[in-house]
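*Asks:* Supplied in structure tokens, the structure appears directly below.
The values are calculated or read from the model by the stated rules, or taken from the named source; none is laboratory data. This is a predicted model, so every value here is computed, not measured. Protein only, heavy atoms only, side chains kept; ligands, DNA and RNA dropped before computing areas. Shrake-Rupley method; radii C 1.70, N 1.55, O 1.52, S 1.80 Å.
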Amino acid sequence: MDDDLAFDFEEFERECEQHEKEMDTLNTQLDNAFEWMDLLFDLESSVERFNENMNSLNLAIESQKSEPELNHFLYGTLLIGIISAYEGFIHELFNACCNKTDYIKSALLNIKELSEKDANHLKISTKKPPSEDGLKQKLLKATLHDPIQIARLSDKLFGLKMPTIKNEFSKKLLDIRNAFTHNNGHLGGEYVKPSYHDVKTVHHLFIALINGYVNSITKNSDVDLESMK
């Protein structure tokens, strides 16, 4: 056979392997892009539900504006509602993050970085991490209403930098929430009297927090997708 016409099988195999690697990379990038689309779609739905809940609560807040001195218990109950709407959003957000391959893998690897307090709160062992589904279930069942803890968990598990509020304000807010949830509005032997201004402030605060969360995740997706180009 003429040497000029000889087929180089080794070179052909190398080219096939290279094309296969390129296809694998492309498929991984496509999977990642589709997962981002799913997460952002879920996030949009969660934001819509949150806004609907907050608009409903705001109707009740404004309807009682004319007689604030008669409505301390109602305002306390509305504060509970605001925090409940927030927690509902957080559960949906964390569940959506757990459905993204990169995020759930990162979370399982980073469980060992959780503080003892947060690990105990989630009922997770840092020495024997749960499965992917196990982590999802732990997050779904946990009480997640403290913005400071949410920012901490988002960072440790998923690498998401979330906005938060001051520790002292968060503690005071959750104390009031617990007073009206469990003790008929009493805290430390005294009856708490939240005002219209208090509830409106908290209402605006949690809307701003959710907007901050959405911006953080959107920015993360933009950076990730841009790096794939």
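*Asks:* Taking only protein heavy atoms and a 1.4 Å probe, what accessible area per residue, in Å², does region 52-145 have with all protein chains in place? All intermediate terms of the calculation are to be shown ahead of the outcome.
*Replies:* Working: 4970 Å² over 94 residues.
Using a 1.4 Å probe on heavy atoms only, each residue of region 52-145 averages 53 Å².
*Asks:* To continue, here is another question. Given an 8 Å cut-off on Cα distances and at least 6 residues of separation, report the relative contact order of region 42-106 as a percent.
*Replies:* Details: 24 pairs, mean separation 31.2, N = 65.
Reported relative contact order: 48 percent.
*Asks:* Here's another thing I want to ask about it. Ignoring ligands, DNA and RNA, what percent of the accessible area of region 74-121 is carbon or sulfur (1.4 Å)? Working shown, then result.
*Replies:* Values: 990 of 1870 Å².
The nonpolar share, carbon plus sulfur, comes to 53 percent.
*Asks:* Next up: With a 1.4 Å probe and all protein chains kept in place, how do SER45, SER56, SER170, SER66 rank by accessible area, largest first?
*Replies:* Working: SER45 35, SER56 75, SER170 5, SER66 105 Å².
Ranked list, largest accessible area first: SER66, SER56, SER45, SER170.
*Asks:* Let me ask something additional. Going through the cross-link list LYS65/LYS141; LYS117/LYS166; LYS136/LYS219; LYS65/LYS136, which pairs have a Cα-Cα distance over 30 Å in this structure? Display every interim value, and only then the final one.
*Replies:* Values: LYS65/LYS141 36 Å; LYS117/LYS166 19 Å; LYS136/LYS219 24 Å; LYS65/LYS136 41 Å.
With Cα atoms farther than 30 Å apart: LYS65/LYS141; LYS65/LYS136.
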